[in-house]
Amino acid sequence: MNDNAVARFKEEMKGKGFQNKAVVSAEEMARAVALLDAQDGVVETPPEELRYIEGLLRLPLGHLDQFKIVPGKGYEVCACGRTPTALDIVSHALKKRIHDVETIRDTLIGFTNLVEFSEGGRAAECFDCGRASLSGSYWTHAYLYA
Ligand SMILES: [Zn+2]
């Protein structure tokens, strides 16, 4: 399983008529997450940063048991030494008001299994120093961007 498997999954979803995002079944979500987990260069957000994200979004403590990312090419480690995680993406989205807190919170609570199709990754900022960052894909139990 590799990036091609992820690409095939996206093509399959697009073949079902989904354009930019898809609400999928629990079974499809589990399959997509397994494909993403098997990619090269997966970074797990450390537990203390998961707790920080829960705090930012007023989620119950311990709600997120994993939130993984694959940094964009050339963005695996920031010039300041930090390895980007989901915290960089979430805090950037909140700071720049890309989405409001409720939207991000609802997404991470997981009322639906949501798949968003990436076109070349999503810009973020290093949580420690503010330098530009890019994430290729990121995912948690009921949401994925890839
Ligand atoms: Zn940095």
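The values are calculated or read from the model by the stated rules, or taken from the named source; none is laboratory data. On a predicted model such as this, the values are computed, not experimentally measured, just so you know. For neighbour counting, all protein chains shown are included, and Cβ atoms are generated from backbone atoms with ideal geometry for every residue, glycine included. To get the accessible areas, we keep the full protein, side chains included, count just its heavy atoms, and leave off ligands, DNA and RNA. Shrake-Rupley method; radii C 1.70, N 1.55, O 1.52, S 1.80 Å.
When 24, 33 are checked against the criterion of being over 21 Å from residue 134 (Cβ atoms), modelled with pLDDT of 90 or more, in contact with a Phe, Trp or Tyr (Cβ under 8 Å, 6 or more places away or on another chain) and surrounded by 14 or more Cβ atoms within 10 Å (Cβ to Cβ), 33 stands alone in meeting it. Against the conditions (1) open to solvent by 40 Å² or more (accessible area, probe 1.4 Å); (2) closer than 18 Å to residue 142 by Cα; (3) in a loop (DSSP other than H, G, I, E, B), residue 64 satisfies every one except (1). Every condition in (1) modelled with pLDDT of 95 or more; (2) away from the ligand (no atom under 16 Å from the Cβ); (3) among the aromatic types (Phe, Trp, Tyr) is met by residue 75 except one, and the failing one is (2). Within the stretch 2-17, being touching a residue at least 12 places away in the same chain (Cβ under 8 Å) and surrounded by 13 or more Cβ atoms within 10 Å (Cβ to Cβ) holds for 3, 5, 6, 9, 10, 13, 14. Just a yes or no: is a residue in the stretch 134-142 within 16 Å of the ligand (Cβ to nearest atom) and out of contact with any Cys (no Cβ under 9 Å at 6 or more places or on another chain)? Yes, the conditions are met somewhere in the stretch 134-142. Restricting attention to the stretch 39-50, and to residues there that are away from the ligand (no atom under 16 Å from the Cβ) and crowded, with 17+ Cβ neighbours inside 10 Å, which single residue is modelled with the highest pLDDT? Of everything passing the filter in the stretch 39-50, 50 is modelled with the highest pLDDT. Condition test on residue 70, is it closer than 29 Å to residue 5 by Cα, surrounded by 12 or more Cβ atoms within 10 Å (Cβ to Cβ) and within 16 Å of the ligand (Cβ to nearest atom)? Against the criterion (closer than 29 Å to residue 5 by Cα, surrounded by 12 or more Cβ atoms within 10 Å (Cβ to Cβ) and within 16 Å of the ligand (Cβ to nearest atom)), residue 70 does not qualify. At pLDDT 95 or above, within 16 Å of the ligand (Cβ to nearest atom) and within 14 Å of residue 145 (Cα to Cα), is that true of residue 86? For residue 86, the condition - at pLDDT 95 or above, within 16 Å of the ligand (Cβ to nearest atom) and within 14 Å of residue 145 (Cα to Cα) - is met. Remark: pairs (first residue in the stretch 45-66, touching a residue at least 12 places away in the same chain (Cβ under 8 Å) and farther than 15 Å from residue 105 by Cα; second residue among the β-branched types (Val, Ile, Thr) and crowded, with 18+ Cβ neighbours inside 10 Å; Cβ separation under 6 Å; 6+ apart in sequence or on different chains) = 45/85; 49/85.
Of the candidates 53, 109, the single residue that is within 18 Å of residue 143 (Cα to Cα) and modelled with pLDDT of 95 or more is 53. Would it be correct to say that residue 128 is open to solvent by 40 Å² or more (accessible area, probe 1.4 Å) and more than 16 Å from the ligand (Cβ to nearest atom)? Spelling it out, it is not the case that residue 128 is open to solvent by 40 Å² or more (accessible area, probe 1.4 Å) and more than 16 Å from the ligand (Cβ to nearest atom).
Screening residue 75 on (1) in contact (Cβ under 8 Å) with a residue 60 or more places away in the chain; (2) farther than 14 Å from residue 126 by Cα; (3) open to solvent by 80 Å² or more (accessible area, probe 1.4 Å) shows it passes everything except condition (2).
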